[in-house]
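The values are calculated or read from the model by the stated rules, or taken from the named source; none is laboratory data. Since this is a predicted model, take the numbers as computed values, not measurements. Here the Cβ is made from the backbone with ideal geometry for all residues, glycine too, and neighbour counts use every protein chain on show. We work out accessible area using only protein heavy atoms, side chains counted, and drop any ligands, DNA or RNA first. Shrake-Rupley method; radii C 1.70, N 1.55, O 1.52, S 1.80 Å.
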Amino acid sequence: MAAGDLRITDTVVIPARELRERFSRSSGPGGQGVNTADSRVELSFDVRASAALPDWLRQRALDRLSGRLVDGVLTIAASEHRAQLANRAAARQRLAELLRDAVAPPAAPRRPTRPSRAAKERRISDKKRRAQTKRLRRGDDD
């Protein structure tokens, strides 16, 4: 893994050459430098054209990120820090988390289970006890 590469999982690493950074002026805090420093960072990664992702992982990522992609490109904007370097790190971290979630294997399907006989009996006896309590509270003279 070369400097600047982005590690997603143990086996998936995005090379720095596949990441595009764009800088612009950020709104918010910054003092006198707010009008001159390009501290906002937009980090873009072309999921569709990436050679770093195997075909099956790329398809999974495209499916799961479909709402966030524009022409197959995922873009993350970071402007929460005053320093450009901190925003670059934040954008890279968010991109890694997003891709990690997107390429994660699907959850195992739920196996339906049935309550045991003892659990059913406990539930019924609790219901009877509760009904008895309410019946005694009523105090109706029938």
Any idea which of ARG82, ARG92, ARG111 is part of a loop (DSSP other than H, G, I, E, B) and in contact (Cβ under 8 Å) with a residue 12 or more places away in the chain? ARG82
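LEU136 - would you say it is under 20 Å from PRO15 (Cβ atoms) and either in contact with a helix residue (DSSP H, G or I) (Cβ under 6 Å, 6 or more places away or on another chain) or surrounded by fewer than 17 Cβ atoms within 10 Å (Cβ to Cβ) (or both)?
Working: under 20 Å from PRO15 (Cβ atoms): no; either in contact with a helix residue (DSSP H, G or I) (Cβ under 6 Å, 6 or more places away or on another chain) or surrounded by fewer than 17 Cβ atoms within 10 Å (Cβ to Cβ) (or both): yes.
Considered against the rule, which asks whether it is under 20 Å from PRO15 (Cβ atoms) and either in contact with a helix residue (DSSP H, G or I) (Cβ under 6 Å, 6 or more places away or on another chain) or surrounded by fewer than 17 Cβ atoms within 10 Å (Cβ to Cβ) (or both), LEU136 comes out as no.
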Here is a check on your reading of the model: is ARG20 in contact with a Phe, Trp or Tyr (Cβ under 8 Å, 6 or more places away or on another chain), open to solvent by 50 Å² or more (accessible area, probe 1.4 Å), at pLDDT 85 or above and within 20 Å of ASP5 (Cα to Cα)? yes
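Scan the range 48-60 for residues that are in contact (Cβ under 8 Å) with a residue 40 or more places away in the chain and open to solvent by less than 30 Å² (accessible area, probe 1.4 Å) and jot them down.
ALA52, LEU53, LEU57 - these are the residues of the range 48-60 that are in contact (Cβ under 8 Å) with a residue 40 or more places away in the chain and open to solvent by less than 30 Å² (accessible area, probe 1.4 Å).
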For SER125, the lone unmet condition from (1) of a type in the set (S, T, N, Q); (2) open to solvent by 100 Å² or more (accessible area, probe 1.4 Å); (3) more than 25 Å from the chain's Cα centre (by Cα) is (2)
